Amino acid sequence: MGDAEFIASAGDWRYGSNEEDGDEGWDGLCEVGKKQSPVDFPETEEAKKNEDEVEPLAFFHYKEAVSTNLTNNGHTVVLNINQPCDVGVASGGLRSLYFLDQIHFHWNSEHTVNGKRYAMEVHLVHHNVELGSFDKAIKKSRGVAVLGAFVTETTHPNPVFNSVIEGMSEARDAGAATVLKSTFSAADLLPKNVANFYRYEGSLTTPPCLETVVWTVFDDTLHASREQIEAFRELQTKEGPMKFNYRPTQPLNDRDVTWISTILPEEEPEHVFAEQNEISAGRPTKSQATVLILSLACIRIILRTLS
Ligand SMILES: [Zn+2]
């Protein structure tokens, strides 16, 4: 089957009828390989420790307000970031700069930690800037970087979900879309502590399940109230309510999961969220140099769009 055909056929799928069989009926839609996602993370002691002293992740423009569309695609709710060349992540062992394309949600979580499944999991999906676009990047090894954040259920609501939940009420039906009215920045959907995370190489967790994803799943979690989580379950697929939308965990095979614990600068832990104007100040640091690359990449994309 050719690539285009493979991806086209991947639109017509659904989650299985039982919660434990989320990928029932996906045979022939998914890449068959040994690097599938999600996986169960072994406990920290058993995970391979970060021995390379990896630098912290560096986030670019993650705290800036971005214009965001919200779509119910029948499988999940997706926030499409309308300024894809503005928001990015690098460092943290990623080996390249990645631009944010979209954010979506799973309930319950897809990854598990020593068998523990969380209430939800947020996926922030990026493509490798060197590959030009998401469509090209999903076909190349480490072309896609997904940041995953678990959500735990708490008694008190989390205001960062308000704008998404408000948008969802206008996009209940499969295929419906709206524009988020409230201000939204991608950093809202990162946990507070971004220093510690699991890292492994895997796949997209939905058809066509291409094995081109470098995964980063944070140790720290977001939280949401039961009512907020239930609001997601009110979304509709073509067949009925979207009760759950997670794929079961896949065998690790001979892959390593690395536990990466980075050291944020004590005085300015916020430095991992760089802003473009920092580049004008003196000799550039490594992350400022990355901002320069980011800016040049943006200019290239803008020029390409204009020509
Ligand atoms: Zn996902």
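The figures follow:
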{"item": "Members of the range 124-155 that are closer than 30 Å to Arg233 by Cα and without any contact (Cβ under 8 Å) to a residue 60 or more places away in the chain", "result": "Val125, His126, His127, Phe134, Asp135"}
{"item": "Filtered residues of the range 203-219 (kept if within 13 Å of the ligand (Cβ to nearest atom), in a loop (DSSP other than H, G, I, E, B) and touching a strand residue (DSSP E or B) at 6+ places or on another chain (Cβ under 7 Å))", "result": "Ser203, Leu204"}
{"item": "Qualifying residue in the range 203-210 (condition: at pLDDT 95 or above and surrounded by fewer than 18 Cβ atoms within 10 Å (Cβ to Cβ))", "result": "no"}
{"item": "The one condition in (1) out of contact with any helix residue (DSSP H, G or I) (no Cβ under 8 Å at 6 or more places or on another chain); (2) in a loop (DSSP other than H, G, I, E, B); (3) on the phi < 0 side of the Ramachandran plot; (4) of a type outside the set (Val, Ile, Thr) that Lys181 fails to fulfil", "result": "(1)"}
{"item": "Residues of the range 147-174 that turn out to be of a type in the set (A, V, I, L, M) and within 16 Å of the ligand (Cβ to nearest atom), as a count", "result": "4"}
{"item": "Members of the range 88-118 that are more than 13 Å from the chain's Cα centre (by Cα) and either within 15 Å of the ligand (Cβ to nearest atom) or β-branched (Val, Ile, Thr) (or both)", "result": "Trp107, Asn108, Thr112, Val113, Arg117, Tyr118"}
{"item": "Residue match in the range 38-58 (condition: at pLDDT 95 or above, buried (at least 17 other Cβ atoms within 10 Å of the Cβ) and not in a strand (DSSP E or B))", "result": "yes"}
{"item": "Within the range 76-113, considering residues that are touching a Lys or Arg at 6+ places or on another chain (Cβ under 9 Å) and among the charged types (D, E, K, R), the one farthest from Ala177 (Cα to Cα)", "result": "Arg95"}
{"item": "Which numbered condition Thr183 misses (of (1) more than 23 Å from Gly240 (Cβ to Cβ); (2) surrounded by 15 or more Cβ atoms within 10 Å (Cβ to Cβ))", "result": "(2)"}
{"item": "Identity of the residue in the range 100-122, without any contact (Cβ under 8 Å) to a residue 60 or more places away in the chain and out of contact with any Ser or Thr (no Cβ under 8 Å at 6 or more places or on another chain), that ends up surrounded by the fewest Cβ atoms within 10 Å (Cβ to Cβ)", "result": "Lys116"}
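The values are calculated or read from the model by the stated rules, or taken from the named source; none is laboratory data. Model, not experiment: these values are computed from the prediction. Positions of Cβ are backbone-derived with ideal geometry, glycine not excepted, and every protein chain shown enters the neighbour counts.
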